[in-house]
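Shown next, in structure tokens, is the structure this report addresses.
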Amino acid sequence: MRWRLLHRWVGLVAGCVALVLSITGIILAWDPVRDAWQAPSAQGDLPLSVLTQRVAATIPGVEEIRRMPAGDIVVYAFDAGRPRALRVDPADGHVLGAYEPSSVSRWLKNLHRSFLLGDAGRLAAAAVALAMLVLAVSGMVLTLRRMGGWRRLAARVRGTPVQRIHVLTGRVVVPVLGLSAATALYMSAATFGLVSADAERDPEVVSAPGAQADLPGGQLPLLQSLRVQELRRLNFPAAADPEDTWKVTTAQGRGWIDRRSGQTLAWEDASLAQRTHDWAMLLHTGEGAWVWALVLGLAGASIPLFWGSGLILWQQARRRTPRIAGNSAISQADALIFVASENGATWAFAEALHAALVRGGHKVHSDGLEHFQATAATRQIFVLAATYGDGQAPAHAAQALARIARVPVSAAPVTVLGFGDRQFAGFCAYAQALDETLRARGWAQLLPLERIHQQSAQEFVRWGEALAQALGEPLALAYRPRLPATTELTLLSRDDYPGGAGEPAVILRFSSPPRPWHGRLRGRGLARFAAGDLLAVVPSGSSVPRYYSLASSSRDGFVEICVRKIADGICSGELHRLRPGERIQAFIQPNPGFVLDDARRPVLLIGAGTGVAPLAGFIRGNARRQTMHLYFGARNPALDFYFGSQIEGWLRERRLASLRTAFSRSPGGGGYVQDALHRDAVRLRELLSKGAIVRVCGSRPMARAVSQALDDILAAMRLSVAQLKSAGRYAEDIF
């Protein structure tokens, strides 16, 4: 939770300045690429002595030869007292032209390194680099949490178009950004003398006096042993100083050569500080490695998209936080409602509770959980808390537990209502942590902790009925969820089944309307979906959607669900009355904890009744022939073997490796699906020992029975369903 808060605010504050650095960095990253293309043909294996001889014969007054990171050979010389810098071809030493670094490039480098402000600008750039390093580290932590760890880092990203853009660009930007920021900090520290980047002081070496003439560079043994590709800098001895020496600098170290005898007077290997600085320069600038420079440029080009999508997500979260109408001052309110919500959805439930209490004659104050407190007027306190990820607090409530520990305990009872998703091991874990903290502090409770799965309106209404009874007063919760925009879907076909218990079911296939790229970017139309996601159908005249597991993915080109008709069910009745050509309104609700990734591991699919729908979708999409085993339970194969003919076809196509069925109302049908699991205990242990992934879909009693059966089977392996869940290998979609 602190990582998200840190990431959000550092990104917002440093983002604008980072845009300047990214744009200048993109332009500067082109320099090494251009230099590499313009550099003369490679002569890297040429002896340095030969290059020295060719340059000395071509250019008078040579003082220094440098090999630039891109491979250019630049000679610095004095001609009639005028300094010159010339590019030469190492093949024959002829002059290619004057060496004149671009004034635009120099200006951009100064802007990039110091904002054109000298030392003050360098300090500011270092501060921005530190902020970018914090942003990169926090972004990597959040990406790993969102994707489910290192193993799933490259998995398909789920969510809205903006969320996917942010995560996808983040996966590219964050590692390179972190490395670039770290190297920038190192170079800033070297600039201000905080770390050593230079070699030690030159040793006291001089050329021996004598009457003999200077040896030409081509005859010096050390230069004969070195190659041009190793060269950094070669300094010629000054003509006016008879004690001056040759000095050669390479990536490996430095050497001094007597000008008359050619003897190597001293050699120093490159220090760790020098090597570190060289690597920092290469990694930060890409100079000398044009491919890496391209990577830096691409990463820099992604930063505006990364920052812009993050800004949009922040603005969306702010817009989802409501302004409660009729919010009494906290000092006058007898009922307080505190909310912890990551994306704003929990506030819709808080609004419904707030309005119901106001209608009952209460003065109510609603606020974020970070402002938890009680006053002399307080008679009831309600905490509505969503859980983020694997049990964390929403970002704004990061310090709520610490605050609760400091608030004096009052006589007002505190009732906690949790919101989460049972697919995750930490289902409503933050709400539970809040409840435990409150009880440990001595706060009373009106109702025990209750948990709401996937923002279920029905479960919330049932909780409201229990609350009304506890308060001893009528309380009607008129919850209206904030729904995303719906899309009109046209029914293409239907496949009817009588149902094994007199409850008919139907497989409905709808068209999947095309969505142009600009519509995807703006979140218009039906979002991308995978088998196992949910289709939220909004019945006519209702604002409360009903959720159905999808038996298809976007790649299939259609939307398919399996619906059992429920007595007096508004939505199921409407869907059962649909005929081809008729339309519904719906949207996609992602179900990331249940959908399958592309891992090359065996998959155990366990379903009963209409719960086979998402499992059928997994098998349908198994084009890579991943090993999948289906355990299917129903009542009668003639009445409710949903997707039966397709499953048999998938077996023939090897999309499905094996099928085990259990029909509880058919003679010799094999009982229930958990019985089939027990019969296959040996095989299941073998598959699970190989890392098999488990997906279970069906009714709550069926899911409990399957979990118990697998616990019994896993006991011999000293494993449990809880351990599989914590490892991300077991997920349920239950109803």
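Structure above, values below:
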| quantity | calculated |
| --- | --- |
| Neighbours by Cβ (under 6 Å, 6+ apart or cross-chain): first from region 661-676, in contact (Cβ under 8 Å) with a residue 24 or more places away in the chain; second of a type in the set (Val, Ile, Thr) and crowded, with 16+ Cβ neighbours inside 10 Å | ALA662/VAL673; GLN674/VAL706 |
| Every pair of residues 6+ apart whose Cβ atoms lie under 7 Å, when the first sits in region 299-314 and is farther than 13 Å from ARG164 by Cα while the second is not in a helix (DSSP H, G or I) | none |
| In region 256-291, the residues that are in contact with a Pro (Cβ under 9 Å, 6 or more places away or on another chain), under 24 Å from LEU185 (Cβ atoms) and either open to solvent by less than 20 Å² (accessible area, probe 1.4 Å) or free of Cβ contacts under 8 Å to residues at least 12 places away in the same chain (or both) | GLY286 |
| Boolean, ALA280 is within 30 Å of ALA136 (Cβ to Cβ), at pLDDT 80 or above and in contact with a Phe, Trp or Tyr (Cβ under 9 Å, 6 or more places away or on another chain) | yes |
| Residues within region 473-498 that are open to solvent by 40 Å² or more (accessible area, probe 1.4 Å), in a loop (DSSP other than H, G, I, E, B), farther than 30 Å from ALA638 by Cα and not basic (Lys, Arg), tallied | 8 |
| Matching residues in region 378-396 - criterion: being part of a strand (DSSP E or B) and under 21 Å from ARG422 (Cα atoms) | VAL383, LEU384, ALA385, ALA386, TYR388, GLN392 |
| Any pair with Cβ under 8 angstrom, 6 or more apart, that starts in region 434-452 at a residue that is under 17 Å from ALA411 (Cα atoms) and ends at one that is in a loop (DSSP other than H, G, I, E, B) and open to solvent by 80 Å² or more (accessible area, probe 1.4 Å) | ASP435/GLN445; LEU438/GLN445; ARG439/GLN445; ALA444/ALA411 |
| From GLU351, GLU370, GLU342, residue being acidic (Asp, Glu), surrounded by fewer than 24 Cβ atoms within 10 Å (Cβ to Cβ) and touching a strand residue (DSSP E or B) at 6+ places or on another chain (Cβ under 6 Å) | GLU342 |
| Region 413-472 - residue that is assigned to a strand (DSSP E or B) and closer than 26 Å to THR375 by Cα and, of those, most open to solvent (accessible area, probe 1.4 Å) | GLU450 |
| Scan of region 64-81 for residues that are surrounded by fewer than 16 Cβ atoms within 10 Å (Cβ to Cβ), touching a residue at least 12 places away in the same chain (Cβ under 8 Å) and out of contact with any Leu (no Cβ under 8 Å at 6 or more places or on another chain), ordered by number | PHE78, ASP79 |
| Restricting region 176-196 to residues that are part of a loop (DSSP other than H, G, I, E, B) and without any contact (Cβ under 8 Å) to a residue 60 or more places away in the chain, the residue that is least open to solvent (accessible area, probe 1.4 Å) | GLY193 |
| Which listed residue, of ILE381, ILE330, is over 30 Å from the mean Cα position of the chain (by Cα), over 17 Å from HIS453 (Cα atoms), among the aliphatic types (A, V, I, L, M) and open to solvent by less than 30 Å² (accessible area, probe 1.4 Å) | ILE381 |
| Verdict on VAL248 being part of a loop (DSSP other than H, G, I, E, B), in contact (Cβ under 8 Å) with a residue 60 or more places away in the chain, more than 27 Å from ASN110 (Cα to Cα) and in contact with a strand residue (DSSP E or B) (Cβ under 7 Å, 6 or more places away or on another chain) | no |
| Unmet requirement for TRP30, which otherwise passes all of (1) surrounded by fewer than 19 Cβ atoms within 10 Å (Cβ to Cβ); (2) modelled with pLDDT of 65 or more; (3) in contact with a strand residue (DSSP E or B) (Cβ under 7 Å, 6 or more places away or on another chain) | (3) |
| Any chance GLN224 is surrounded by 13 or more Cβ atoms within 10 Å (Cβ to Cβ), within 21 Å of VAL55 (Cβ to Cβ) and modelled with pLDDT under 90 | no |
| Single match in GLY593, GLY633 (criterion: in contact (Cβ under 8 Å) with a residue 40 or more places away in the chain, under 24 Å from PRO498 (Cβ atoms) and buried (at least 18 other Cβ atoms within 10 Å of the Cβ)) | GLY633 |
| Of residues in region 656-686 being buried (at least 20 other Cβ atoms within 10 Å of the Cβ) and within 36 Å of the chain's Cα centre (by Cα), the one nearest to PRO504 (Cα to Cα) | LEU656 |
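Residues checked against (1) crowded, with 22+ Cβ neighbours inside 10 Å; (2) touching a residue at least 40 places away in the same chain (Cβ under 8 Å):
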residue: VAL538; (1), (2): no, yes
residue: GLY541; (1), (2): no, no
residue: GLY557; (1), (2): no, yes
residue: ILE561; (1), (2): yes, yes
residue: GLY569; (1), (2): no, no
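The values are calculated or read from the model by the stated rules, or taken from the named source; none is laboratory data. What you see is a predicted model, and the numbers here were worked out from it, not measured in a lab. Heads up, the Cβs are rebuilt from the backbone with ideal geometry, glycines too, and the neighbour counts pull from every protein chain shown. Accessible surface is based on the protein model in full, side chains and every heavy atom, while ligands, DNA and RNA are left aside. Shrake-Rupley method; radii C 1.70, N 1.55, O 1.52, S 1.80 Å.
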